[in-house]
Amino acid sequence: MMYAPAIGIDHDPRAVLRPPKTGGIATRAPGRRPVRPDSMASRRNLAFGERPAHIAFHLTTGDKRMTISMYDASAPILVNILGNMRHWLERDDVKAAEADLIGAKLADDMRPLVAQYQMASDSAKNGMGRLAGIDIPPMPDTEASLAELAARCDKTIAFVRGITPAQMDGSESREVLLKFPNGNGYRFTGQEYLTRFMLPNFFFHATTAYAILRTQGIPLGKPDFLAHMGPPKLLAQLA
């Protein structure tokens, strides 16, 4: 028997989950109220309309299990964060410091801000193209201004949004071969590629870009990194 917790805005990560004696959903340890994925509050995903923001995993038995789709585990996440990164470039204080920021680095042996944006773009478009099995649009790394980086974000978002859930069907088992110039590389299934390399690599560059801006005196905060969620609401409005 396999079971997993429901993950959502009312999930208590400290809860101990135990399999129920008979079928149904997983329950918390005695003394805690049951986990009910079907009653969890939904939040609007600003970039994808009515698509719910939470993920619920129900109890599974035997060889059957319910999982989040490859599309939902990739496209909305990439679009949201790329959109947030684009918004950082529109700030007045960022524009005022453009000359200093474009070449700014987090450490001397790391790539500058412009490269972090380019590599976040590459991670998103190359990853989605490989998983969907479609041609990946070339985007030469020629950006040298904030406006050009914003345009790069827009083109990448448009490409990701142009991929449909149907194109991602079956991608979890598609072979992805990642080759490096030195002849080394990795061989993945699509699911391994998404979870072990593509998303961690994307977030590495997005987070590094954020950190560069912070170290250069731009007062970004976690709300800017998670701007796609919008401001929080009173719990009564989420009921």
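The values are calculated or read from the model by the stated rules, or taken from the named source; none is laboratory data. Because the structure is predicted, anything quoted here is derived from the model rather than measured. Quick reminder, even Gly has a Cβ in these numbers, built from the backbone with ideal geometry, and neighbours come from all protein chains shown.
Within the stretch 104-112, is even one residue buried (at least 18 other Cβ atoms within 10 Å of the Cβ) and not hydrophobic (A, V, I, L, M, F, W, C)?
No, the stretch 104-112 contains no residue that is buried (at least 18 other Cβ atoms within 10 Å of the Cβ) and not hydrophobic (A, V, I, L, M, F, W, C).
Looking at the stretch 208-239, which of its residues are within 30 Å of Ala97 (Cβ to Cβ), of a type outside the set (Lys, Arg) and free of Cβ contacts under 8 Å to residues at least 12 places away in the same chain?
Gly221, Pro223, Pro231, Pro232
Does the stretch 165-180 contain any residue that is within 30 Å of Leu101 (Cβ to Cβ) and modelled with pLDDT of 95 or more? Steps first, please.
First, the residues of the stretch 165-180 that are within 30 Å of Leu101 (Cβ to Cβ): 180.
Imposing the further condition that a residue be modelled with pLDDT of 95 or more reduces the set to none.
No - not one qualifying residue is present in the stretch 165-180.
What number of residues within the stretch 161-194 satisfy the criterion of being under 16 Å from Ala124 (Cα atoms), in contact with a Ser or Thr (Cβ under 8 Å, 6 or more places away or on another chain) and assigned to a helix (DSSP H, G or I)?
5
From the set of residues in the stretch 195-207 that are within 10 Å of the chain's Cα centre (by Cα) and more than 21 Å from Leu146 (Cβ to Cβ), which is surrounded by the most Cβ atoms within 10 Å (Cβ to Cβ)?
Only one residue fits best here, namely Met198.
Residue by residue, here is whether (1) touching a residue at least 60 places away in the same chain (Cβ under 8 Å); (2) more than 25 Å from Val114 (Cα to Cα); (3) touching a helix residue (DSSP H, G or I) at 6+ places or on another chain (Cβ under 6 Å) holds:
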{"residue": "Phe159", "(1), (2), (3)": "no, no, yes"}
{"residue": "Val176", "(1), (2), (3)": "no, yes, yes"}
{"residue": "Glu192", "(1), (2), (3)": "no, yes, no"}
{"residue": "Met198", "(1), (2), (3)": "yes, no, yes"}
{"residue": "Asn201", "(1), (2), (3)": "yes, no, yes"}
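For the stretch 132-149, which residues satisfy the criterion of being within 22 Å of Asn84 (Cβ to Cβ) and surrounded by 18 or more Cβ atoms within 10 Å (Cβ to Cβ)?
Glu143, Leu146, Leu149
Given the criteria closer than 17 Å to Ser69 by Cα and crowded, with 18+ Cβ neighbours inside 10 Å, does Tyr210 qualify?
no
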